[in-house]
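Here is the structure we will look at.
Taken together, the values in this text are just the output of simple stated rules run on the coordinates, not laboratory data. Please read all numbers here as calculations on a predicted model, not as lab measurements. Counting neighbours? That spans all protein chains shown, and the Cβs are built from the backbone with ideal geometry, glycine included.
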């Protein structure tokens, strides 16, 4: 038994009951891998946004085509298996 909250423990048991994971370790490993990727993605986005802000403050920016940007993001999300 671990020191996880009862809510998290119930979630783990429910996920294990689906049969999608062989055991608790596999579920936790997958969750931590996803969390790590989330953190890395968030750090990348923060760096890129900050870089863009600095460039804009220096006057180094192009006119943006928001429709094209939205379509590009949707295509990237679709390619990664997310629905838009």
Query raised in the report: Under a point spin-label approximation (7 Å from Cα along Cα-to-Cβ), what is the residue 24-residue 6 distance to one decimal in nm?
Result: 1.7 nm
Query raised in the report: Which residue, 67, 25, 41, tops the fluctuation ranking in a GNM of the chain built on C-alpha contacts under 10 Å?
Result: 67
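With a 10 Å Cβ neighbour count serving as the proxy for reagent exposure, in which order, fewest first, do 24, 58 appear? Spell out each step's value before the answer.
Working: 24 13, 58 8.
Lowest count first: 58, 24.
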Report task. For segment 6-79, evaluate the Debye formula with one uniform point scatterer on each Cα (no solvent term) and list log10 I(q)/I(0) at q = 0.13, 0.14, 0.17 Å⁻¹, rounded to two decimals. Result -> -0.66, -0.71, -0.83
Report task. Working from Cα positions, state the angle (0 to 90°, nearest 10) between the long axis of helix 24-57 and the longest principal axis of the chain. Result -> 10 degrees
Requested in this report: Calculate how steeply helix 6-17 sits against the longest principal axis of the alpha-carbon atoms of the chain, using the helix alpha-carbon long axis, and give the answer as 0 to 90 degrees to the nearest 10.
Outcome: 80 degrees
Query raised in the report: Once both axes come from the Cα atoms, what is the angle between helix 66-79 and the longest principal axis of the chain, in degrees from 0 to 90, rounded to 10?
Result: 30 degrees
Report summary line: A correct fewest-to-most ranking of 15, 60 by other Cβ atoms within 10 Å would be 60, 15
